[in-house]
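*Asks:* Handing you a structure now.
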Amino acid sequence: MNTIPEKLTVRELDLFYGDFQALKKINFSLAGKEVSALIGPSGCGKSTFIRVLNRMNDLIPSCRIAGNIFLDGEDIYGGIDVTELRSRVGMVFQKPNPFAMSIFDNIAYGPRMQGIKDKRKLAGLVEQSLVKAALWNEVKDRLKKSALSLSGGQQQRLCIARSIAMAPEIILMDEPTSALDPIATGKIEELIGELKQDYSIIIVTHAMHQAARVSDKTAFFLLGEIIEWGDTKEVFTNPKDRRTEDYISGRFG
Ligand SMILES: Nc1ncnc2c1ncn2[C@@H]1O[C@H](COP(=O)(O)OP(=O)(O)O)[C@@H](O)[C@H]1O
Ligand SMILES: [Mg+2]
């Protein structure tokens, strides 16, 4: 029955906002635990593409899609439960968006919504998630403090921890470091390297050096199409398409 061995498979995906076609015949897959980077100039459909992967675009009335997206062989636009989908496919946004509540409650929020009430279990989950997001040592003595008291970089790692607490299989990150300083950015990049042991990650970035540093595979988007997609090293050192070469060498974008 399961003829699709990959974690995630996108086939011939078209996406329209009203009459405007934002994605054109996208084919893409994630084999397993790896990091895929999506690069390309602003407005070429990167955010649209990752939003479609956990059905965030359901919230946009003018948006419609054609084509298929399979998660472990199951069509995510079929009968799947969307809340469950979003816990399996987590999302971290460009601007850190912690809830206006304590550090502890930010992480415990999702698991509580899933019905976990046991205090000890919740505390364990919060600790584990913060450890995995490389934030535990910095916050373990102030879990009751507001998440908004954290620095931008810490807030972004908190958002990653919040996503981890849901035990996701895939974590989507939309330019997760673009609002951060270089040191906080370095920490997130290091963290991505560790997280890929446990999760599949798709990261949108317009920093080419970041894509080159953190990802195994890279897809180059241009005007709603994937122009080139392959091993990051290949894409960066031996691009097959002239437009990829022009973009990565900084000739446009
Ligand atoms: N909610 C929306 N309604 C209509 N058009 C949109 C919407 N979101 C994005 N777009 C358009 O879709 C295209 C791709 O946008 P986006 O996915 O945000 O690109 P990127 O993340 O690569 O900068 C752009 O032309 C943008 O204006
Ligand atoms: Mg974007």
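The values are calculated or read from the model by the stated rules, or taken from the named source; none is laboratory data. Predicted model only: the values in this text are computed from it and were never measured. Reconstructed Cβ throughout: ideal geometry from the backbone, glycine too, with neighbour counts over all protein chains shown. For the accessible areas, the whole protein counts, side chains as well, though only heavy atoms, and no ligand, DNA or RNA atoms are used. Shrake-Rupley method; radii C 1.70, N 1.55, O 1.52, S 1.80 Å.
*Asks:* Pairs please, first residue from the range 56-81 and on the phi > 0 side of the Ramachandran plot, second anywhere and in a strand (DSSP E or B) and open to solvent by 50 Å² or more (accessible area, probe 1.4 Å), Cβ atoms under 6 Å, 6+ apart in sequence or on different chains.
*Replies:* 67/11; 67/12
*Asks:* Among strands (runs of 3 or more DSSP E) lying entirely in the range 1-83, which contain 1 or more residues that are more than 20 Å from the chain's Cα centre (by Cα)?
*Replies:* 8-17, 20-30, 63-71
*Asks:* Would you check which residues across the range 1-37 are within 16 Å of ligand 2 (Cβ to nearest atom), closer than 20 Å to residue 168 by Cα and out of contact with any Leu (no Cβ under 9 Å at 6 or more places or on another chain) and list them?
*Replies:* 37
*Asks:* Of all helices (runs of 4 or more DSSP H) completely enclosed by the range 170-253, which ones contain at least 2 residues that are surrounded by 16 or more Cβ atoms within 10 Å (Cβ to Cβ) and under 16 Å from the mean Cα position of the chain (by Cα)?
*Replies:* Those helices (runs of 4 or more DSSP H) span 182-195, 208-214.
*Asks:* Which of (1) small (Gly, Ala, Ser); (2) open to solvent by 50 Å² or more (accessible area, probe 1.4 Å); (3) more than 13 Å from ligand 2 (Cβ to nearest atom); (4) out of contact with any Leu (no Cβ under 8 Å at 6 or more places or on another chain) does residue 42 not meet, given it meets every other one?
*Replies:* Among (1) small (Gly, Ala, Ser); (2) open to solvent by 50 Å² or more (accessible area, probe 1.4 Å); (3) more than 13 Å from ligand 2 (Cβ to nearest atom); (4) out of contact with any Leu (no Cβ under 8 Å at 6 or more places or on another chain), the lone unmet condition for residue 42 is (3).
*Asks:* It is to be established whether one or more residues within the range 141-151 are open to solvent by 20 Å² or more (accessible area, probe 1.4 Å), touching a Gly at 6+ places or on another chain (Cβ under 7 Å) and outside any helix (DSSP H, G or I).
*Replies:* Quick first cut of the range 141-151, residues open to solvent by 20 Å² or more (accessible area, probe 1.4 Å) only: 141-146, 148-149, 151.
Retained after the next criterion (residues that are touching a Gly at 6+ places or on another chain (Cβ under 7 Å)): none.
No: zero hits.
*Asks:* Between a first residue in the range 235-253 that is free of Cβ contacts under 8 Å to residues at least 24 places away in the same chain and over 17 Å from residue 36 (Cα atoms) and a second residue that is exposed (fewer than 11 other Cβ atoms within 10 Å of the Cβ) and not aliphatic (A, V, I, L, M), which pairs have beta carbons less than 7 Å apart while being 6 or more apart in sequence or on different chains?
*Replies:* Short answer, once both residue conditions are applied: 246/252.
*Asks:* For residue 212, work out the one condition from (1) under 19 Å from residue 91 (Cα atoms); (2) more than 16 Å from ligand 1 (Cβ to nearest atom) it doesn't fulfil.
*Replies:* So the condition that residue 212 fails would be (1).
*Asks:* Among the numbered criteria (1) within 16 Å of ligand 1 (Cβ to nearest atom); (2) in contact with a Lys or Arg (Cβ under 8 Å, 6 or more places away or on another chain), which single criterion is violated by residue 103?
*Replies:* The number of the failed condition is (1).
*Asks:* Out of everything in the range 84-97 that is open to solvent by less than 70 Å² (accessible area, probe 1.4 Å) and not in a loop (DSSP other than H, G, I, E, B), what residue ends up being farthest from residue 140 (Cα to Cα)?
*Replies:* The qualifying residue farthest from residue 140 (Cα to Cα) is 85.
*Asks:* Only one residue in 123, 100, 108, 161 is on the phi < 0 side of the Ramachandran plot, modelled with pLDDT of 95 or more, in a helix (DSSP H, G or I) and open to solvent by 30 Å² or more (accessible area, probe 1.4 Å). Which one? Talk me through it step by step, then tell me what you get.
*Replies:* Working: 100 fails: in a helix (DSSP H, G or I); 108 fails: open to solvent by 30 Å² or more (accessible area, probe 1.4 Å); 161 fails: open to solvent by 30 Å² or more (accessible area, probe 1.4 Å).
Of 123, 100, 108, 161, the one residue that is on the phi < 0 side of the Ramachandran plot, modelled with pLDDT of 95 or more, in a helix (DSSP H, G or I) and open to solvent by 30 Å² or more (accessible area, probe 1.4 Å) is 123.
*Asks:* Turning to a different aspect of this structure: Of these, 47, 36, 62, which one is of a type in the set (S, T, N, Q) and open to solvent by less than 10 Å² (accessible area, probe 1.4 Å)?
*Replies:* Numbers: 47 fails: open to solvent by less than 10 Å² (accessible area, probe 1.4 Å); 62 fails: open to solvent by less than 10 Å² (accessible area, probe 1.4 Å).
Result of the check over 47, 36, 62: 36.
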